[in-house]
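Have a look at the structure below, then the notes.
The values are calculated or read from the model by the stated rules, or taken from the named source; none is laboratory data. Everything numeric in this text was worked out from a predicted model, so none of it was measured. Glycine also receives a Cβ, built like all others from the backbone with ideal geometry; neighbour counts cover every protein chain displayed. Side chains are part of the model used for accessible areas, which takes the heavy atoms of the whole protein and leaves out ligands, DNA and RNA. Shrake-Rupley method; radii C 1.70, N 1.55, O 1.52, S 1.80 Å.
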Amino acid sequence: MAFFTRSFLALSLLSLLACAATGKLSASFYDDTCPSLQSIVRSAMSQAVSSKRRTGASILRLFFHDCFVNGCDASILLVGGERNAPPNKDSVRGFDVIAAIKSQVEAACRATVSCADILALAARDAVALLGGPSWQVLLGRRDARTANETATRDLPSPFVDLSNLTSSFDHKGFSAQDMTALSGAHTIGIARCTSFRDRIYHDANIDPDFAALLRQSCPPKGGDDNPAPLDLQTPDLFDNKYYENLLSGRGLLHSDQELFNGGSQDELVSCYVLNETLFFEHFAAAMVKMGNISPLTGSSGEVRLNCSEVN
């Protein structure tokens, strides 16, 4: 599959990008100062994902966990702080990949490209490399000088109901449609036993065979770090199988299954099952919106030379 198969989505998404570009972020931000940026990131991500396909999910999750906490400012990449918060500790990965990309970018364009922009591009490329959509990433972010560990409580919990899930995304400016589309990121990656134990032992809206299978590796006590794929069908392919799982009660996390549990998002989930292209369009548009959460621009923040520490 070519890298940009199903890439740059049609005029509706381009219109959205044009509106977003009226701010300080721009798709052409580094055209003069670092014209090789996108090819460097794309090549490095291609190598990383080819080596370990799970890397794609790790980078996408890293971007989400960065943007949802004080905006897309690469604060999650700083040693300490957000990395050590309960939602992230021992579960967020990909720091070494971003560090390696940053080194290559610094060699080509010294002290020019922010870690926040590198992470945004890497997340886009991760999705495309695993068979998902692509989109034009708006650039010009700066890096935070501090991290906010307490703000990680804004991250949606895997244990919440639909009402709390909707509220969490609404607080960041996302619609219910955005929330349901972005949740489709769980079509790739894994979760630890501690995140789904309550569901497989106590939830009623779960396929019994699915629960029994998961109990083999996730006992009532112990084995907290034992992993399971978020999408049992195609765990390393970005597609719409995540939504098919929900229709059969095979959502891994409690919060996943809440999207199809007799509530307001049932119809949209069913639409995504029937129309993968629609899911891709909605996901790409929501990712553009994600990248625009409270970016530092202009003279705010800095361009870190090392993504894990301030200058």
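Helix content alone sets the calculated 222 nm mean residue ellipticity of the chain: runs of n ≥ 4 DSSP H residues at -39500 (n - 2.57) each, divided across all residues, give -13500 deg cm²/dmol. Between residue 207 and residue 274, how high is the FRET efficiency from 1/(1 + (r/R0)^6) when r is the Cβ-Cβ distance and R₀ = 25 Å? Nearest 0.05. So, using R0 = 25 Å, E works out to roughly 0.75.
Assuming charge only on the beta carbon of Lys and Arg (+1) and of Asp and Glu (-1), the dipole of segment 54-203 about its Cα centre is about 300 debye to the nearest 20. The label-point distance for residue 110 and residue 39, in a model that sets each label 7 Å from Cα toward Cβ, rounds to 2.2 nm.
Between amide H atoms placed 1.01 Å from N, distances below 5 Å from residue 72 occur with 293, all of them 5 or more places distant or on a separate chain.
Listed values for segment 248-259 are Karplus-derived 3J(HN,Hα) couplings in whole Hz (6.51 cos²θ - 1.76 cosθ + 1.60, θ = phi - 60°), namely 9, x, 10, x, 6, 9, 4, 5, 4, 5, 4, 6, and x replaces Gly and Pro. In nm, give the distance between the simple-model label positions of residue 175 and residue 221, each being 7 Å from the Cα along the Cα-to-Cβ direction. Computed distance between label sites residue 175 and residue 221 equals 4.9 nm. Of all lysines in the structure, those lying under 20 Å Cα to Cα from residue 102, and not within fewer than 8 positions of it along the same chain, are 52. Placing pseudo-labels 7 Å out from each Cα toward the beta carbon at residue 27 and residue 79 gives an inter-label distance of 3.9 nm. For the chain, with a Gaussian network of springs between Cα atoms less than 10 Å apart, report the residue from 284, 176, 120 with the top mean-square fluctuation. It is 176.
Per 0.36 nm of contour for each residue apart, how much would the distance between residue 247 and residue 164 grow if the chain were fully extended, relative to their Cα-Cα spacing?
Working: separation 83, 0.36 × 83 = 29.88 nm, distance 2.10 nm.
Additional length available on full extension: 27.8 nm.
Each Cα pair under 8 Å and six or more residues apart adds its separation to the average, and for segment 59-183 the resulting relative contact order is 32 percent. Rolling a 1.4 angstrom probe over the chain with all protein chains present gives an accessible area of which 51% lies on carbon and sulfur atoms.
Based on Cα contacts under 8 Å between residues 6+ apart, segment 131-234 shows a relative contact order of 25 percent. Couplings for segment 24-31, taken from phi via the Karplus curve 6.51 cos²θ - 1.76 cosθ + 1.60 with θ = phi - 60°, read 8, 7, 8, 5, 9, 4, 9, 4 Hz in order; Gly and Pro are left as x. Among residues other than residue 223 with Cβ under 12 Å from its Cβ, the summed charge is +2 (Lys and Arg +1, Asp and Glu -1). In terms of its C-alpha gyration tensor, the chain has a prolate overall shape, because the principal axis ratio a/c (a ≥ b ≥ c, square roots of the eigenvalues) is not below 1.5 and a/b outweighs b/c. Sequence gap at least 6, Cα distance under 8 Å: using those rules, report the relative contact order of the chain to the nearest whole percent. Reported relative contact order: 27 percent. For residue 27, the residues 5 or more places off, or on other chains, whose built amide H falls under 5 Å of its own are 139. Among 234, 39, 212, pick out the residue whose Cα is farthest towards the positive end of the charge dipole of the chain, where Lys and Arg carry +1 and Asp and Glu carry -1 on C-beta, about the Cα centre. Working it through, the farthest residue towards the positive pole turns out to be 39. Charges were assigned to the Cβ only: +1 to each Lys and Arg, -1 to each Asp and Glu. The resulting dipole of the chain about its Cα centre is roughly 700 debye. The candidates 280, 64, arranged from most to least accessible area with a 1.4 Å probe in the full protein assembly, appear as 64, 280. Distance from the alpha carbon centroid of segment 172-196 to that of segment 124-162 works out to 11 angstrom.
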